[in-house]
Amino acid sequence: LEIKNAELAKLNQEKNYFLGVASHDLRNPIGNIISLVHILEDELGDTLSFEMKEMLQMMHDSGRDMLELLNNLLDVSKIESGKMNLNLKNDSIAGIIQKSINDNIRTANAKSIVLDYNIGDNIPQVAFDKIHLQQVLNNLISNAIKFSFGNTHVEINVIRKESDVVISVKDQGQGIPSNDIHRVFLPFERTSVASTNGEKSTGLGLTIAKRIVEAHGGNIWLSSEVGTGTTFFFSLPINEYKRELIPLEFIKR
């Protein structure tokens, strides 16, 4: 049994290596395709027929979706191999949340969704990796927009609860059936709830978000009611880390 476990561990490492290499090497050509589409749109402009503009838009959207998938696969590969590090520094959570709101405001406006932001009094600084926590926030906010109907609200709230800072993202969307909730954080799993405007998902965003939050020493969870909406919560501990670089090796457990 020990020999088999060692063989499986070695095969898993090799899988992560090849997955990482493939994802990394494919990003550049996909990025080039997206750039070329932009150049064609700028250079040809009004000379394009409606059908040609639609085809270029389809090429752009497909390339963007592929790039997002490759980025997520690369993240998963780094996490599983323990090669993704967190650069933890004590800072205010308010600025990074505001940036995530700004990053998603255009998508929200396109669906007439209002992003409401409320932060409690006396919220202390917490230790977090700015780049990776931004990834978590963008995923939760974009998902709330993606699965909400137009002319609704998404609420982002920050409170202190005992020794944690708790951030929540609440939508007025469709809600998730109780028998689907256990699948939410599993890789490549999708619930029976469809996005309201045909938006696509790689099925990896919440899995990666969970790993990142747990690496910060926090937790992530949700509550949902069909027909009312879903609220995602995640916590960050209020304490100072003595070292700034923490490898994400927890996924190996």
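The values are calculated or read from the model by the stated rules, or taken from the named source; none is laboratory data. As the structure is a computational prediction, the values presented were derived from the model and not from experiment. Virtual Cβ from ideal backbone geometry, glycine too; neighbours counted across all protein chains shown. Just so you know, the surface numbers come from the protein's heavy atoms only, side chains and all, with ligands and any DNA or RNA stripped out. Shrake-Rupley method; radii C 1.70, N 1.55, O 1.52, S 1.80 Å.
A few notes on this one:
- Probe 1.4 Å, all protein chains present, accessible-area order of His182, His216, His60, largest first: His182, His60, His216
- Surface listing: Phe233, Phe128 arranged by accessible area from highest to lowest gives Phe233, Phe128, probe 1.4 Å.
- Largest to smallest in accessible area, the residues Arg27, Arg160 fall in the order Arg160, Arg27 (1.4 Å probe, all protein chains included).
- Computed from backbone phi, the HN-Hα couplings of segment 122-137 come to 6, 7, x, 5, 10, 8, 8, 8, 4, 5, 6, 5, 4, 4, 5, 5 Hz, rounded to whole numbers (Karplus: 6.51 cos²θ - 1.76 cosθ + 1.60, θ = phi - 60°; Gly and Pro given as x).
- GluC sites (Glu not before Pro) restricted to DSSP loop in segment 121-194 with at most 16 other C-beta within 10 Å: Glu162, Glu189
- Of all accessible heavy-atom area on segment 119-238, the percent that carbon and sulfur account for (1.4 Å): 49 percent
- For Val226, distant residues with modelled amide H under 5 Å away: Ile176
- Divide the volume of the convex hull around the Cα atoms of segment 96-191 by the residue count and you get 123 Å³ per residue.
- Between segment 140-175 and segment 96-110, the alpha-carbon centres lie 13 Å apart.
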